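As structure tokens, the structure follows; a few thoughts come after it.
FYI, it's all coordinate maths here, none of it is from the lab. Everything quoted here is computed from the prediction, not taken from an experiment.
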Amino acid sequence: MKTKQKQEDTNILGLPVKEAEVIAAELNILLSNFQVYYQNLRGIHWNIRGKRFFDLHVKFEELYNDAQLKIDMVAERVLTLGFTPLHTFEDYIANNRLEVGKNISKDTEAVHLIMASLADLLKIERVILGETEKISDEGTNSMMSDFIKEQEKTMWMMKAWSEEEI
């Protein structure tokens, strides 16, 4: 009887359902914020002007392509945990914690928006990392670790570009 009860309390991955639901909710917050980040990147990619246009236009495209891949990975992880990923703009805006960039065409303003967005994404990812460690959710944990490592490097590069002290 104990074994049957235990199976009912875990999902197909063997993770506790209640805790996995909390992680899925946090992943949906991350998903929403990545969608806003992605759209910010598209906007600055389209609207960037000035002498650094060619370099930044390409870099912003690289970043939004990467964000698009991460969006898919996060949504698929929510599904893997047994829950439904958010998928409406209404949900994304309701869960957004990032600054929304509008009509940004200046290089330094665009880079600062990216750095601020990455800093906010890192905060969300670290919360998820802490929750996944508690239940040994290595799949989500590994994904968050990879995201954090990549985004920290991007932050360093953006700071170096901006000639700001780290």
Sorted by chain and then number, the residues having a modelled amide H within less than 5 Å of the amide H of Asn96, at least 5 places away or on another chain, are none
Whether segment 74-156 is rounded, prolate or oblate, judged on the alpha carbon gyration tensor where a/c under 1.5 counts as rounded: oblate
Karplus 3J(HN,Hα) series, Hz, for segment 29-38 with 6.51 cos²θ - 1.76 cosθ + 1.60 (x for Gly, Pro): 5, 4, 4, 4, 5, 5, 5, 5, 4, 4
List the aspartates and glutamates whose Cα sits under 16 Å from the Cα of Lys70, skipping any in the same chain fewer than 8 residues away. Glu26, Glu61, Glu62, Asp120, Glu125, Asp146, Glu150, Glu152
Rounding to the nearest 10 and keeping the result within 0 to 90°, find how far the Cα-based axis of helix 107-134 lies from the longest principal axis of the chain. 10
Amide H within-cut-off set for Thr10, under 5 Å, with H built and near neighbours excluded: Val17
Residue by residue through segment 135-144, the couplings from Karplus 6.51 cos²θ - 1.76 cosθ + 1.60 with θ = phi - 60°, in Hz, x for Gly and Pro, are 10, 6, 7, 5, x, 5, 4, 4, 4, 5
How large is the helix-only mean residue ellipticity at 222 nm for the chain, computed as the sum of -39500 (n - 2.57) over DSSP H runs with n ≥ 4, divided by its residue count, in deg cm²/dmol to the nearest 500? -26500 deg cm²/dmol
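Of Lys59/Lys149; Lys59/Lys159; Lys102/Lys149; Lys51/Lys149, which pairs sit farther than 23 Å apart, going by alpha carbon to alpha carbon?
Numbers: Lys59/Lys149 18 Å; Lys59/Lys159 14 Å; Lys102/Lys149 28 Å; Lys51/Lys149 30 Å.
Over 23 Å Cα-Cα: Lys102/Lys149; Lys51/Lys149.
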If you wrap segment 16-162's Cα atoms in a convex hull and average its projection over all directions, what's the area in nm²? 8.1
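Which whole-number percent gives the relative contact order of the chain, counting Cα pairs below 8 Å spaced six or more residues apart?
28
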Comparing Gly130, Gly82, Gly50, which has the greatest mean-square fluctuation in the GNM of the chain with Cα pairs linked when under 10 Å apart? Gly50
